[in-house]
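The values are calculated or read from the model by the stated rules, or taken from the named source; none is laboratory data. Everything numeric in this text was worked out from a predicted model, so none of it was measured. We place every Cβ from the backbone using ideal geometry, glycine too, and count neighbours over all the protein chains shown. Heavy atoms of the whole protein, side chains included, go into the accessibility calculation; ligands, DNA and RNA do not. Shrake-Rupley method; radii C 1.70, N 1.55, O 1.52, S 1.80 Å.
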Amino acid sequence: KYGLKWGVHKFGGASLNDAELYKTCGDLLLSESKNHAVNGQHVPTAAIVSAAGGMTDALVSIINTSLVSVEESCEKLTATAERQKSILLELVPDHKELTDQVIKNIEQDQDAVKAMLLAASKMRGVPPQMLELVAGLGEVWSAQTLAAYLKSVGTTCEWIDARDVLIVPDGPLSGLGEKGTAMDTIEPFWDESAERLERWWQNNLADKEGSPFVIITGFVCSTMSGRPTTLKRSGSDYSATIFAKILDASNVTFWKNVSGVYTADPRQVPEAFPINSMTFDEAMELAYFGGQVLHPSAMVPCIEERIPVLVKNVFDPAHPGTRVYGRGDAILRWDDQDDEIDENMPVKAITSIEKVSLITITGTSFMGTHGVAERFMAALASVGVNVILTSQGSSKHSISVAVANTDGKLALQAVEDAFQLEIARNTETRANLMEDLSILAVIGEGMKNYAGISGRFFNALGQSKVNIVAIAQGSSERNISAVVSRDELGLALKGTHDAFLLKESCVSVSVIGSGRVGSAFLQKLKAWESNEGRDFSLPSMREVQYLTIDLRALCDKNKMLCAQRGLPLAELEKHIADGLLDLRKVDSKDFAVAEVSDANLDAFIDFTESKEYPRKIIVDCTDSEAVASRYPDWLQRGFHIITPNRQVLVGPYEHYKECFKHVGKVGKFGGAQFRYDATVGGQIPIITLLQDLLQTGDRIDTLTGVLSSTLSLAFNQLNADPEMPFSQAYQLASERQLTATNSEEDLSGFDTAKKSLILARELGLTLELSDVQVDSLLPEPVEGKDLLAVLKEKVDGPMAEKFREAKEKGELLFYVGRIDVPKGSVTAGIQSFPAQNPPFALHDADMAVEMVSQRFPESTPLVFRGPGAGADFAASGLFASLLRVCRSLL
């Protein structure tokens, strides 16, 4: 009649919670009909509606309450009916010709329900057909309400009670079914339903002009005998696709409060985003494994008639949402499919079933025995337990199935009964129940075309410190599932989502210490957040272009700041004065998103150990021995540590070994990384370069380095001008903030000795700090004396003499650390080098290292140098280490 196919729309209860939302949905139908008009002809539109939000649960509660108190159930009924009437009157004011009939219908239903409440009370039970009849009234009232609004704005509109037209077979009286559980497919009588709809049409709309709007009750239907029934919980979506098939619709749009089908549940994975398109097979896999899209049964009518399904946002109708159309397997693909598999996204979505139990039967006597799996499944079927996932060991030695958590004990008893003889005869045969588990599934058509998907999936779980209990892969190759602890599901979802879907991957960072290095590091984080200085066109940026770093916790010895979604770096930067952030001056009012409290390292670490973040990194910017002593425990717990703190690296060798015992080990908490480049070279990755050489098979013989920027600057000044007093050169280094916190450590040579020991231990020497031969520049301990005065009195004269002699010989003097691997020795002291051919061409306060190895002999040693001291350079080194760790985790 209209020359156009029908547009079918479905609105759920969340979109019909109050009068304003009913109006939103009504206006949406009007705009959709107009926007898709052809030659001025608006699209005929059918809308299938659920009950107002919470209405079905309220009606079920009314019936159940009648078994305890008829009076109370009647009060609930009155309140529920009044809620629907108030929505109607607010939605359609001053239109008594429209609202009076609806109110009359609601009150008639109300009277009928009161009689049923009294009957249920007398019977001391609620017959299933009574429960279905009452529960379906929400949809009946909802359809009349929306239809009244559309009539009030001048459209041609009628409502249909689906119980008059949608006919299903008589079946067992099983009630509504549980919310969120699997729905048995109820196949309607297609021809009978179509004929009844045609008769309704002829009686109500056949003679009307213009494209009509038809509002249809979802969820409810009738049997051939006329008994009112329902399509069970989640059945409203099925109602929509049934009517879409009968009406031969151009598409069916499901209006939700989100912009389509998401890559993961946004409540658990905030970085999830809408999927543009997916096949029906992908959508059914997603729905089966807990994705809130459509029930698999609801898609069957659309598959049969090749009707596209759209999932869109009722609050943002301009958003394209998700289009579900086509088949996945090559043999089933439709000619008009235009979807192309995105090679960057072989996995479309990650979903989960939160509450499952795992039943396992194991036994050596099962190996090679026929019929074990059949008996196992038959036992579960005999008690009505639905199997969600199956995982089988080799030769049937063990078989595991996942079932709903509520069925766990029932399933275990059934399996034990079925195998009671084998269990009694052989102690190795047993049935086991594991509860409080979850199933995590990755889904996508592209998985079958790309190698390494399983590896990436399991690596993501390993990186997130999630233990896998069981695994299974669908024969269609479009899903891989893993059973994990329910407590670890959030971590697993987030880690897997980051591994597969090219959006922002988030790393949680907790910083200890807000001194000069810590404050400079915070400024580096702020620059990263605002993309300062980064050219995303460079190839090197590809690995980190989707990386987000959240500073979730910060502490010093006085206070700590913790924020679940990250501290505001811009606000923190405002509090940095003269290169220092004093947390004592931070006011909680300035950080509304953060919890500000007294420093407590245990509480700080407990907060850092969040299950929302699979990747957790601690950056220790202190030189505290108390903090460093906790490294072994943190590494064992799976935290990655980045630090310039040398305490544990130069302490007793046994403590050193204890710390490294947990680095890279895959245990209960997974492998942890320990990055300490900044302990020696600041921003120069000396240790990383050294590790690269050793790991690629090179053998280091000697390593000589100027490792103190303070002494580098002082000696460079004196090499250029031997007449300059050493105290003056040292004072210049001090003014430039190059000196160590403990100035005596620099001058005594122990700063160089400690750095040399770290490198020596990296080369395999098992030495203590006391084994390092140190040539101190100070003839005696300063012990509270004026350092400059001591230098002028005791050091300037001898040093001037040494530099004069060196100049006469044509030599340059440097204070170096030297490691001789074959001899197993480490020294720190002044060494002379030919002025015409020094090993390092030092400038200003540069640090430098010369390395002689099998690959780089004495004639062509490996030399690297550059500025390394100062808070900014140290922070740069820390940040570079942070990105190295992040790249390995993504």
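Return yes or no: is Ile453 hydrophobic (A, V, I, L, M, F, W, C), open to solvent by less than 60 Å² (accessible area, probe 1.4 Å), modelled with pLDDT of 90 or more and under 28 Å from the mean Cα position of the chain (by Cα)? No.
Taking the criterion of being more than 17 Å from Ser510 (Cα to Cα) and either buried (at least 23 other Cβ atoms within 10 Å of the Cβ) or in contact with a Leu (Cβ under 9 Å, 6 or more places away or on another chain) (or both), the residues of region 878-890 that qualify are Arg887, Leu890. Against the test of being open to solvent by less than 40 Å² (accessible area, probe 1.4 Å), acidic (Asp, Glu) and under 30 Å from Asp27 (Cα atoms), the options Glu132, Glu107, Glu139, Glu90 yield a single qualifying residue, Glu139. Do we find a residue being among the hydroxyl-bearing types (Ser, Thr, Tyr), within 21 Å of Met284 (Cβ to Cβ) and buried (at least 16 other Cβ atoms within 10 Å of the Cβ) anywhere in region 456-464? The answer is no; no qualifying residue exists. Against the test of being part of a helix (DSSP H, G or I), modelled with pLDDT of 85 or more and small (Gly, Ala, Ser), the options Gly566, Gly490 yield a single qualifying residue, Gly490.
Of the numbered criteria (1) of a type in the set (D, E, K, R); (2) within 29 Å of Val403 (Cβ to Cβ); (3) touching an Asp or Glu at 6+ places or on another chain (Cβ under 7 Å), the one Arg327 fails is (2).
If you take the residues of region 737-748 that are in contact (Cβ under 8 Å) with a residue 40 or more places away in the chain and surrounded by fewer than 16 Cβ atoms within 10 Å (Cβ to Cβ), which of them is nearest to Gly651 (Cα to Cα)? The selected residue is Thr741. Taken over region 797-825, the residue count meeting the criterion of being in contact with a strand residue (DSSP E or B) (Cβ under 7 Å, 6 or more places away or on another chain) and on the phi > 0 side of the Ramachandran plot is 1. Taking first residues from region 5-33 that are under 14 Å from Ser142 (Cβ atoms) and partners that are among the basic types (Lys, Arg) and crowded, with 16+ Cβ neighbours inside 10 Å, the Cβ contacts under 8 Å between residues at least 6 apart in sequence or on separate chains come to Gly12/Lys256; Ala14/Lys256; Ser15/Lys256. Would you pick out the residues in region 399-456 that are in contact (Cβ under 8 Å) with a residue 12 or more places away in the chain and in a loop (DSSP other than H, G, I, E, B)? Residues satisfying the conditions are Phe419, Asn426, Glu428, Thr429, Gly444, Tyr450.
Among the residues making up region 52-87, those that are among the polar types (S, T, N, Q), in a helix (DSSP H, G or I) and open to solvent by 20 Å² or more (accessible area, probe 1.4 Å) are Thr56, Ser61, Asn64, Thr78, Ser86. Of the residues screened, Ala828 is one that is assigned to a strand (DSSP E or B), in contact with a strand residue (DSSP E or B) (Cβ under 8 Å, 6 or more places away or on another chain), surrounded by 15 or more Cβ atoms within 10 Å (Cβ to Cβ) and in contact (Cβ under 8 Å) with a residue 60 or more places away in the chain.
If only residues of region 224-239 that are within 33 Å of the chain's Cα centre (by Cα) and open to solvent by less than 10 Å² (accessible area, probe 1.4 Å) are counted, the one that is modelled with the highest pLDDT is Tyr238. Please find, within region 36-80, the residue that is nearest to Gln110 (Cα to Cα) out of those that are among the hydrophobic types (A, V, I, L, M, F, W, C) and modelled with pLDDT under 90. Looking at the filtered set, the residue picked out is Ala37. Taking each residue of region 749-776 that is over 23 Å from Ser709 (Cα atoms) and open to solvent by 40 Å² or more (accessible area, probe 1.4 Å) and looking for partners that are assigned to a helix (DSSP H, G or I) and not hydrophobic (A, V, I, L, M, F, W, C) with beta-carbon atoms closer than 7 Å, six or more apart or interchain, yields Thr766/Tyr653; Glu768/Tyr653.
Kindly establish whether Lys23 is among the basic types (Lys, Arg), out of contact with any Lys or Arg (no Cβ under 8 Å at 6 or more places or on another chain) and either more than 17 Å from Ile215 (Cα to Cα) or open to solvent by less than 20 Å² (accessible area, probe 1.4 Å) (or both). It is false that Lys23 is among the basic types (Lys, Arg), out of contact with any Lys or Arg (no Cβ under 8 Å at 6 or more places or on another chain) and either more than 17 Å from Ile215 (Cα to Cα) or open to solvent by less than 20 Å² (accessible area, probe 1.4 Å) (or both). The residues of region 545-564 that are touching a residue at least 60 places away in the same chain (Cβ under 8 Å) and among the hydrophobic types (A, V, I, L, M, F, W, C), listed by number, are Leu547, Ile549. Checked against the criteria, Gly125 counts as over 27 Å from Ala240 (Cα atoms), in a loop (DSSP other than H, G, I, E, B) and among the small types (Gly, Ala, Ser). Inspection of region 495-503 identifies no residue that is charged (D, E, K, R), modelled with pLDDT under 90, surrounded by 22 or more Cβ atoms within 10 Å (Cβ to Cβ) and within 30 Å of Thr360 (Cα to Cα). Residues that are open to solvent by 20 Å² or more (accessible area, probe 1.4 Å), within 18 Å of Arg887 (Cα to Cα) and either modelled with pLDDT of 90 or more or among the aliphatic types (A, V, I, L, M) (or both) within region 665-687 comprise Gln673, Arg675, listed in sequence order. Just one of His640, His662 is open to solvent by less than 50 Å² (accessible area, probe 1.4 Å), modelled with pLDDT under 90 and either closer than 20 Å to Ser888 by Cα or not polar (S, T, N, Q) (or both); which is it? After applying the criteria, what remains is His662. The condition (being open to solvent by 70 Å² or more (accessible area, probe 1.4 Å) and modelled with pLDDT of 85 or more) is satisfied by just one residue among Asp582, Asp578: Asp578. Of all the numbered requirements in (1) in a helix (DSSP H, G or I); (2) under 26 Å from the mean Cα position of the chain (by Cα), Ala626 misses one, and that requirement is (2). Tell me, please, whether a residue that is at pLDDT below 90 and closer than 17 Å to Val517 by Cβ can be found in region 607-624. Within region 607-624 (the criterion being at pLDDT below 90 and closer than 17 Å to Val517 by Cβ), the answer is no, since none of the residues qualifies.
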